[in-house]
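Working notes for the structure below.
The values are calculated or read from the model by the stated rules, or taken from the named source; none is laboratory data. Quick caveat, the model's predicted, so the values are computed rather than measured. As a convention, Cβ positions derive from the backbone with ideal geometry for all residues, glycine included, and neighbour counts pool all protein chains shown.
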Amino acid sequence: MASPDSTLFDKVVNLCKRRSFVFPSAEIYGGFRSTYDYGPLGVLMLRNVKDAWWRSMVQLRSDVVGLDAAILSPPQVWEASGHLENFSDPLVDCTECKTRHREDQLEDPNICPACGKSGTFTEARAFNLMFKTQAGPVEGAGADVYLRPETAQGMFINFKNILETSRKKPPFGIAQVGKSFRNEITPGNFVFRTREFEQMELEFFVPPEDANEWYEYWMQERHQWYLDLGIPEEQIRMRPHDEDELSHYSSGTSDVEFLFPWGWGELEGIANRGDFDLLQHAKHSGQKLEYFDQGTGERYVPHCIEPAAGATRSMMAFLMAAYDEEQVNDDTRTVLRLHPRLAPYKIAVLPLSKKDTLLPKAEEVLHMLQPHFMCDYDITQAIGKRYRRQDEIGTPYCVTIDFDSLEDDAVTVRERDSMEQTRVSTNELVDYLTEQLAL
Ligand code: GAP
């Protein structure tokens with residue numbers, strides 16, 4: 001088993017700031033704790049993670065449709081889902097140093113990790129993790145709304161709409177990618193646990209008797225998705241939940257876990273939610289949330305299998321897994337060995353020099369590639385330094401325009417991992433790169 005590497009964490013966090021993947025939010029005001037902004041490269045990579053998920057979960061399937069539901073939602077949704085009653089963490093205060101902690105995360109439930117004193121904790125109380133705000137100009141009861149703590153409920157409350165309009169029947173799924181909000185007591189470890197984050201969730205509705213089979217199916221599919229995108233086998237595992245860990249809605253859950261520098265951490269949960277959510281929303285809304293098969297006259301409440309992943313957390317895992325340093329001659333080369341689908345830029349176009357004679361040709365090549373690939377264009381510093389800069393942000397291919405290009409209408413294509421260089425004619429360049437990238 002690979003062992004946790006704590007310096008890797010600092011290196012990746014530094015790289016994220018230095019190369020504009022992730023910035024601490026509101027930094028000019030001293031920062032806003034555990035909240036992050038995704039910079040020019042981060043926004044590209046995060047979008048690639050979400051697109052890779054959407055491609056695999058929606059685009060390549062005929063049994064899943066998409067949804068983009070509202071973030072603001074009325075209390076009835078969260079009363080029915082059980083979140084108002086159950087979505088809480090046990091919170092204790094240290095009477096000595098006035099710090100707050102999650103009781104279930106303490107190494108020793110009697111010792112305060114901040115001041116080291118023993119027996120200074122208050123009784124644990126349930127702290128609800130949902131952010132509450134108000135809609136409209138009138139405060140008080142009736143105006144309360146919640147920021148969703150998961151995207152999942154959007155799928156359950158739209159089940160009827162989608163069933164009636166999409167001509168789908170179980171087994172079928174509804175997929176959604178979007179922001180969720182939780183007032184975490186102990187956010188931390190960079191973007192691993194934040195109060196605002198992005199989820200990628202599928203609610204897959206199946207005939208009750210097929211639920212276990214689909215649960216197994218989704219566990220395998222989701223495990224494979226991370227492997228296909230380059231996470232090494234020894235850094236990813238499936239972990240079934242113990243009985244006492246299960247959420248209030250789940251009859252079985254397994255987590256996909258990644259070996260972070262501090263140990264194993266959850267990337268995704270695959271849960272067998274049974275008929276809990278549809279029954280609850282049917283009860284609270286007074287609407288029938290069931291499937292009626294007109295052919296057979298059969299009527300039932302589908303069971304739901306839910307693969308629920310974190311986009312921001314997965315992006316962090318992909319970065320950690322891709323980070324590498326290798327010795328090249330007397331130099332240390334930092335390289336992000338990202339899967340091409342996840343890399344912020346697919347191609348960097350680099351004229352060998354800033355000379356006026358080369359730039360028009362380089363720009364012509366850039367404009368030819370831009371409709372096909374996300375490209376960077378860099379004309380500053382020596383070519384060797386520019387290659388290193390692209391290695392560090394994971395760009396799979398660099399295309400160099402040199403003085404020979406003006407004569408032979410060909411360019412040099414350099415591959416990131418092997419650093420091998422190939423001469424390619426510009427009129428074959430798009431096809432060549434399309435084949436190499438295999439997006
Ligand atoms: N609908 C089920 C659900 O929301 P969850 O295990 O609470 O399940 C799913 O969340 C995924 O969302 C987690 O596996 C994790 O990747 C991500 N996630 C949850 N809380 C998070 C947080 N505070 N910060 C970043 N990601 C989070």
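For the reader, a short list of remarks on this structure follows.
- Residues (at negative phi and basic (Lys, Arg)) located in the range 147-198: ARG148, LYS160, LYS168, LYS169, LYS179, ARG182, ARG193, ARG195
- For the range 366-382, a residue qualifies if it is crowded, with 17+ Cβ neighbours inside 10 Å and either in a helix (DSSP H, G or I) or at pLDDT below 95 (or both), and the qualifying residues are LEU366, LEU369.
- So ARG19, is it under 30 Å from PHE156 (Cβ atoms), among the charged types (D, E, K, R) and surrounded by 14 or more Cβ atoms within 10 Å (Cβ to Cβ): no
- The set of residues in the range 279-310 being within 22 Å of ARG222 (Cβ to Cβ) and in contact with a Phe, Trp or Tyr (Cβ under 8 Å, 6 or more places away or on another chain) consists of PRO302, HIS303, CYS304, ILE305, GLU306, PRO307, ALA309, GLY310.
Condition check ((1) modelled with pLDDT under 95; (2) touching a Gly at 6+ places or on another chain (Cβ under 7 Å); (3) farther than 30 Å from CYS16 by Cα) across all residues:
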position	(1), (2), (3)
LEU279	no, no, yes
TYR291	no, no, yes
THR312	no, no, no
MET315	no, no, no
ASP324	no, no, no
HIS339	no, yes, no
ALA343	no, yes, no
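- Test: residue in the range 395-408 that is touching a helix residue (DSSP H, G or I) at 6+ places or on another chain (Cβ under 8 Å), surrounded by 12 or more Cβ atoms within 10 Å (Cβ to Cβ) and on the phi > 0 side of the Ramachandran plot: no
- One residue stands out in the range 200-221 among those that are of a type outside the set (Asp, Glu) and in a strand (DSSP E or B): the one that is farthest from ASP51 (Cα to Cα), namely VAL206.
- Of the residues making up the range 306-365, those that are more than 16 Å from the ligand (Cβ to nearest atom), within 24 Å of the chain's Cα centre (by Cα) and either on the phi > 0 side of the Ramachandran plot or in a strand (DSSP E or B) (or both) are TYR323, ASP324, THR334, VAL335, LEU336, ILE347.
- Per this entry, ARG388 is not counted among residues that are charged (D, E, K, R) and within 16 Å of the ligand (Cβ to nearest atom).
- Of the residues making up the range 231-278, those that are among the charged types (D, E, K, R), out of contact with any Ser or Thr (no Cβ under 8 Å at 6 or more places or on another chain) and touching a residue at least 60 places away in the same chain (Cβ under 8 Å) number 2.
- For the range 223-236, the criterion of being in a loop (DSSP other than H, G, I, E, B), under 22 Å from the mean Cα position of the chain (by Cα) and crowded, with 20+ Cβ neighbours inside 10 Å is met by at least one residue.
- Pick from the range 317-348, criterion touching an Asp or Glu at 6+ places or on another chain (Cβ under 7 Å) and under 30 Å from ASP408 (Cα atoms), ranking: surrounded by the most Cβ atoms within 10 Å (Cβ to Cβ): ALA348
- In the range 256-300, the residues that are in a loop (DSSP other than H, G, I, E, B) and among the hydrophobic types (A, V, I, L, M, F, W, C): TRP262, LEU289
- Test: residue in the range 76-90 that is modelled with pLDDT under 95, touching a Lys or Arg at 6+ places or on another chain (Cβ under 6 Å) and either under 23 Å from PHE159 (Cβ atoms) or outside any helix (DSSP H, G or I) (or both): yes
- Count of the range 208-227 residues, restricted to those that are aromatic (Phe, Trp, Tyr) and over 28 Å from LEU319 (Cα atoms), is 2.
- Residues in the range 63-75 that are in a loop (DSSP other than H, G, I, E, B) and of a type in the set (Val, Ile, Thr): ILE71 only.
- Among residues of the range 104-114, those that are surrounded by 11 or more Cβ atoms within 10 Å (Cβ to Cβ) and either more than 35 Å from the chain's Cα centre (by Cα) or in a strand (DSSP E or B) (or both), counted: 1
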